[in-house]
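Let me begin by presenting the structure, written as structure tokens, before commenting on it.
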Amino acid sequence: GELLERLRNDALPAALSGSDVEASVTGGTAIIDDVSSRLQNRMLLFLAAVIGLSFLVLMIVFRSVLVPLKAAALNVLGVGAAYGVIVAVFQWGWAADLIGVHENVPIMPLAPMLMFAILFGLSMDYEVFLMSRVREQYRKHFDPKRAVIEGVGSTARVITCAALIMIGVFASFILDTDVTTKMFGVGLSIAVLLDVTLIRMVLVPAVMSLLGHRAWWLPAWLERWLPAIDVEGGAYDGEELPELEPVLDEPEREAALV
């Protein structure tokens with residue numbers, strides 16, 4: 001990297017000064033550096049587009065502001081943990097010998113972006129599956145903690161089985177001899193494992209229980225603008241929830257519902 005920078009910024013301009021000749025540096029290092037720079041310049045826009053669209057879709061589906069906000073934050077947390085595992089294994093060498101990597105290797109420039117897209121999609125799939133059930137139960141009795149318990153209890157096995165399948169598929173990439181393929185295998189399998197254990201079965205129920213009724217709050221002006229989408233397949237007949245401020249406690253909420 002330092003040699004490439006010296007060639008482009010110092011050596012070539014000095015050697016060709018005063019002439020009309022244009023020189024370029026090519027090769028594997030130069031290509032990786034150029035691609036990495038371009039991806040870095042677009043990464044924030046890419047992340048904003050993916051997170052923003054996911055937030056908008058979840059807000060329309062679940063008629064809530066805090067539920068999609070919580071989903072985006074926790075999903076980014078899971079992807080960030082996967083990035084950390086990749087750096088620890090392939091750049092710091094932690095347990096690299098166990099997967100057949102015997103030297104520190106650079107992270108492929110496309111890996112972070114591709115992994116983010118794949119993992120965010122999988123995480124949102126599990127989120128929709130779990131929260132649809134929680135929302136359905138909440139609309140039956142308006143007890144947020146009970147709805148979380150019932151939602152997790154009825155979907156935990158299915159989500160876990162689906163995640164185990166994906167972990168097995170991604171972990172099989174580690175058996176490949178190509179280091180880049182191993183990188184995707186480690187990152188994706190660890191990320192799904194963290195998502196289904198720590199995030200989906202621990203953090204999501206905990207956050208929803210703490211939020212209580214506030215989790216399903218949506219401003220009245222926003223409710224009028226959002227289109228109606230029923231993900232429960234007829235479980236909800238279109239009756240709107242009473243307009244309640246998120247600061248109401250349990251007794252006040254029950255009184256308002258009556």
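The values are calculated or read from the model by the stated rules, or taken from the named source; none is laboratory data. Because the structure is a prediction, the values reported are computed rather than measured. In this analysis, Cβ positions are derived from the backbone assuming ideal geometry, glycine residues included, and neighbour counts consider all displayed protein chains. Surface accessibility is based on the protein's heavy atoms, side chains included, excluding ligands, DNA and RNA. Shrake-Rupley method; radii C 1.70, N 1.55, O 1.52, S 1.80 Å.
Inspect region 104-126 for any residue being part of a helix (DSSP H, G or I), surrounded by fewer than 17 Cβ atoms within 10 Å (Cβ to Cβ) and among the charged types (D, E, K, R) and give the result as yes or no.
yes
Which one of the conditions (1) within 25 Å of VAL85 (Cα to Cα); (2) in contact with a Leu (Cβ under 8 Å, 6 or more places away or on another chain) does LEU122 fail to meet, given that it meets all the rest?
In the conditions (1) within 25 Å of VAL85 (Cα to Cα); (2) in contact with a Leu (Cβ under 8 Å, 6 or more places away or on another chain), LEU122 misses (2) alone.
Name the residue, out of GLY212, GLY168, GLY234, that is out of contact with any Cys (no Cβ under 6 Å at 6 or more places or on another chain), of a type in the set (Gly, Ala, Ser) and modelled with pLDDT of 95 or more.
GLY168
Out of all the residues in region 67-83, which are small (Gly, Ala, Ser), open to solvent by 20 Å² or more (accessible area, probe 1.4 Å) and without any contact (Cβ under 8 Å) to a residue 40 or more places away in the chain?
Scanning region 67-83 gives ALA73, GLY80.
Which of the following residues is of a type in the set (A, V, I, L, M), open to solvent by 70 Å² or more (accessible area, probe 1.4 Å) and over 21 Å from the mean Cα position of the chain (by Cα): LEU210, LEU198, LEU164, LEU193? Before the answer, list the steps.
Values: LEU198 fails: over 21 Å from the mean Cα position of the chain (by Cα); LEU164 fails: over 21 Å from the mean Cα position of the chain (by Cα); LEU193 fails: over 21 Å from the mean Cα position of the chain (by Cα).
The unique qualifying residue is LEU210.
Go through region 14-42 and give me each residue that's touching a residue at least 40 places away in the same chain (Cβ under 8 Å) and surrounded by 14 or more Cβ atoms within 10 Å (Cβ to Cβ).
ILE32, SER36, LEU39
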